[in-house]
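Below is one structure; the comments refer to it alone.
The values are calculated or read from the model by the stated rules, or taken from the named source; none is laboratory data. Just so it is clear, the model here is predicted, and its values are computed rather than measured. Cβ atoms come from the backbone with ideal geometry, glycine included; neighbour counts cover every protein chain shown. Side chains included, ligands, DNA and RNA excluded: accessible areas come from the protein's heavy atoms. Shrake-Rupley method; radii C 1.70, N 1.55, O 1.52, S 1.80 Å.
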Amino acid sequence: MKAVIFDLDGVITDTAEYHYLAWKSLADELDLPFDKEFNEKLKGVSRMESLELILSLGDAAYSDEEKNALAEKKNDLYKEMIQKVTPADLLPGIEALLKELQEAGIGIALASASKNAPFILDRLGVTHYFNHVVDVNLIKQGKPDPEIFLTGAAKLGVLPEDCVGIEDAEAGIESILSAGMYAVGVGNPAQMQKADLIVSSTAELSLSLLKENFKQKTK
Ligand code: BG6
Ligand code: MG
């Protein structure tokens, strides 16, 4: 195991909930039946693709201009919410894990689909742990495509098979697995059936847990 590549929303901090609340507010305004169950499909998915999925809940047609305005509206609301993020919003065990990885000389990268990721890492006070933050603006294919995780590995100068990816969503687990990496899922096992290892909380993550399970799989 030479590197660990993290998702952000739902793994490092619980901004997945803010994304949900911001989309919910937009969906309510448009009178669309959007709920938590449907929201699972949006996790790890880009802003515009998420909007398309939400709009598919109704039959109204929107021009590209209208869609851009709706996506911007959601993002404005989301940006308002994330101004309040502080280091106290790091999910349990995450900073300890980042420290352990850094001390062990294991590469650390971020593979988030969010254009707001660099801002959130700064608000959380953890940017300095990351050897590389993948610039999502340069990624052509979103999760479940492996491009974002493969880019993370390439930027760290390690082979995909030497990497662990950590995700909280189905599209993300698929992205990690199709990149040829070891996939760790955090949260509800129903959403992460294909993961190599599932933990119910980030508090369970540690360098030794990752190393031991990674070693067993690659034996
Ligand atoms: C992902 C989230 O990390 O980023 C998605 O899981 C979100 O819910 C996507 O839509 C894009 O985020 P942003 O901040 O660029 O709108
Ligand atoms: Mg996520």
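Considering only protein heavy atoms and a probe of 1.4 Å, how much of the accessible area of segment 69-128 is carbon and sulfur, as a whole percent?
Working: 1470 of 2810 Å².
Roughly 52 percent of what the probe reaches on segment 69-128 is carbon or sulfur.
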task = Would you mind giving the average projected area, over all directions, of the Cα convex hull of segment 172-219 in nm² with one decimal?
result = 3.3 nm²
ask   = Mind checking the log10 I(q)/I(0) for segment 90-219 at q = 0.17, 0.19 Å⁻¹? Debye, one equal scatterer per Cα, no solvent, two decimals.
value = -0.91, -1.18
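Can you give the alpha-carbon Rg of segment 20-131 over 2.2 N^0.38 Å, where N counts its residues?
Numbers: Rg = 16.9 Å, N = 112, 2.2 N^0.38 = 13.2 Å.
For segment 20-131, the normalised Cα radius of gyration is 1.28.
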key: Karplus-derived 3J(HN,Hα), 6.51/-1.76/1.60, for each residue of segment 50-65, Hz, glycine and proline x   = 4, 4, 4, 4, 5, 5, 5, 6, x, 10, 5, 9, 10, 6, 4, 4
query = Amide H to amide H, which residues 5 or more places from residue 107 or on other chains are under 5 Å from it, using H placed in the peptide plane?
reply = 3, 4
note = The pairs in 41/219; 73/115; 2/41 lying past 23 Å Cα-Cα in this model are 41/219; 2/41
Globularity index of segment 140-183, i.e. its alpha-carbon radius of gyration over 2.2 N^0.38 Å = 0.99
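Using the eigenvalues of the Cα gyration tensor, what equivalent ellipsoid semi-axes result for the chain when each is taken as the square root of five times the eigenvalue, whole Å, largest first?
The equivalent ellipsoid of the chain has semi-axes of 30, 18, 16 Å.
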request  = Could you calculate the contour length gain from residue 115 to residue 86, that is, 0.36 nm times the residue separation minus the distance between their Cα atoms, to one decimal place in nm?
outcome  = 8.6 nm
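Pull out the extension gain between residue 103 and residue 57, defined as 0.36 nm times the separation in residues minus the alpha carbon to alpha carbon distance; nm, one decimal. Walk me through the numbers on the way to the answer.
Values: separation 46, 0.36 × 46 = 16.56 nm, distance 4.75 nm.
Result for the pair: 11.8 nm of gain on full extension.
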request  = Run the quick spin-label model on residue 31 and residue 49: label points 7 Å from Cα toward the beta carbon, then report their separation in nm to one decimal.
outcome  = 3.1 nm
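Given Cα positions, please report Rg to Rh for segment 77-126, the hydrodynamic radius being the Kirkwood one. Provide the component values of the computation, followed by the final result.
Numbers: Rg = 12.2 Å, Rh = 12.1 Å.
That ratio is 1.01, to two decimals.
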query = What Rg and what Dmax come out for segment 103-158 when only alpha-carbon atoms are used, in angstroms?
reply = 11.4, 33
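I need the peptides 101-108, 153-160 ranked by packing, meaning the mean over residues of other C-beta atoms within 10 angstrom, with the highest value on top. Before the final figure, lay out the partial values.
On the way: 101-108: 15.8, 153-160: 17.6.
Highest mean packing first, the order is 153-160, 101-108.
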message = For segment 74-117, which trypsin sites (Lys or Arg not before Pro) pass both filters: DSSP loop (anything but H, G, I, E, B) and at most 11 other C-beta atoms within 10 Å?
response = 84
inquiry  = What are the extents of the Cα atoms of segment 18-57 along their three principal axes, in Å, largest first?
reply    = 24, 19, 15
Inter-centroid distance (Cα atoms) of segment 124-144 relative to segment 1-34, Å = 16 Å
note = The equivalent-ellipsoid semi-axes of segment 124-197, taken as the square roots of five times the Cα gyration tensor eigenvalues and listed largest first in whole Å, are 20, 14, 13
